[in-house]
1. Say we look at the range 104-124 and pick out the residues that are assigned to a loop (DSSP other than H, G, I, E, B) and without any contact (Cβ under 8 Å) to a residue 24 or more places away in the chain; which of these is farthest from residue 222 (Cα to Cα)?
2. Would you be able to say whether some residue in the range 129-152 is touching a residue at least 60 places away in the same chain (Cβ under 8 Å), out of contact with any strand residue (DSSP E or B) (no Cβ under 6 Å at 6 or more places or on another chain) and over 30 Å from residue 263 (Cα atoms)?
3. Working carefully through the options 73, 101, 84, find the one that is surrounded by fewer than 16 Cβ atoms within 10 Å (Cβ to Cβ) and free of Cβ contacts under 8 Å to residues at least 40 places away in the same chain.
4. With respect to residue 141, determine if the residue is outside any loop (DSSP other than H, G, I, E, B) and assigned by TED's automatic domain parsing to the domain that holds residue 290.
5. Spot the failing condition for residue 250; the list is (1) out of contact with any strand residue (DSSP E or B) (no Cβ under 8 Å at 6 or more places or on another chain); (2) buried (at least 23 other Cβ atoms within 10 Å of the Cβ), and only one is missed.
6. Which of the residues that make up the range 291-311 are farther than 20 Å from residue 83 by Cα and either modelled with pLDDT under 85 or assigned to a strand (DSSP E or B) (or both)?
7. Could you tell me whether the range 14-34 includes any residue that is touching a residue at least 24 places away in the same chain (Cβ under 8 Å), under 24 Å from residue 306 (Cα atoms) and surrounded by fewer than 18 Cβ atoms within 10 Å (Cβ to Cβ)?
8. For the range 165-174, enumerate the residues that are at pLDDT 90 or above and in contact with a helix residue (DSSP H, G or I) (Cβ under 6 Å, 6 or more places away or on another chain).
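The values are calculated or read from the model by the stated rules, or taken from the named source; none is laboratory data. Note that the structure is a prediction, hence the values are computed from the model and not measured. Neighbour counts run over all protein chains shown; Cβ positions are idealised from the backbone, glycine included.
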């Protein structure tokens, strides 16, 4: 549902009035409306201290009658972000249908703050492996479901295969009927260990033969819990894949609530150059999850509100949502391969 120009103008006037009462000359210079929030661009007079503006977040929230306002510096100005009362999910399939052709091994994450589709090429040299972190309710498993489904839509089963490891056998269960998925979902300790051993052998054989296709995307839910319960039998093969998998076309996507080196191993943690970080419980967890200081992850709203962190830079995005009904549609599209949005060429 679109916001009216009247409502946006009213909110802009309120923002300017609050700052004026604190003797901060300012003006709202436009707004971006997304399905989940409204972001106002604020320009202040030269010399205004950053802390003086960001410190007004609670007062702005009270004046605007919303639960919270996120205020942060961006470029030469500020951004004020308000959650929408009529927030709606960002649906994956409509975005996919508008994208057209995309590069091989590329996934849709969602939309960025400007409302543009955010894509991630798994095989890019600066991506390789991806760590997804966030508390319960942050939407990390739903994000990975959409990411994997988009890979299946954009790539044939001969070009890209997906291996699923899910100890609870819940988060990835709906994906196992996709033609790209190899071997169903490994959930029991025995199945997980056997799957990882097979992957290591596959990696070594590819490495010796100098091949990297088809691309193998290995999605692991509850990564830290899996390593703690499985011990070295799980940690050692996962670490080997994290360290050596890229050249052989093996790429890890790991989900965890606890992304500390003590829980997932320092050697493995160091091999996740890209982080997708959802809501966390505080600054310490934000630092562990993102790998950088002051990412702002502790201020995320949950329910699919994420940061893409790469090379020390962050991009805020809303994860694309794929419901049970849409999953059935994705399965039919992939089986029929009648979808126009992929480069279905053999590699």
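1. The extreme case among them is 116.
2. Yes, the range 129-152 has at least one match.
3. Numbers: 101 fails: free of Cβ contacts under 8 Å to residues at least 40 places away in the same chain; 84 fails: free of Cβ contacts under 8 Å to residues at least 40 places away in the same chain.
Within the list 73, 101, 84, the selection yields 73.
4. yes
5. The single condition residue 250 does not satisfy is (1).
6. Our first condition is that a residue be farther than 20 Å from residue 83 by Cα; within the range 291-311, this holds for 291-294, 309-311.
Those that are farther than 20 Å from residue 83 by Cα and either modelled with pLDDT under 85 or assigned to a strand (DSSP E or B) (or both): 291, 292, 293, 294, 309, 310.
7. Looking for residues that are touching a residue at least 24 places away in the same chain (Cβ under 8 Å), under 24 Å from residue 306 (Cα atoms) and surrounded by fewer than 18 Cβ atoms within 10 Å (Cβ to Cβ), one finds at least one in the range 14-34, hence yes.
8. 165
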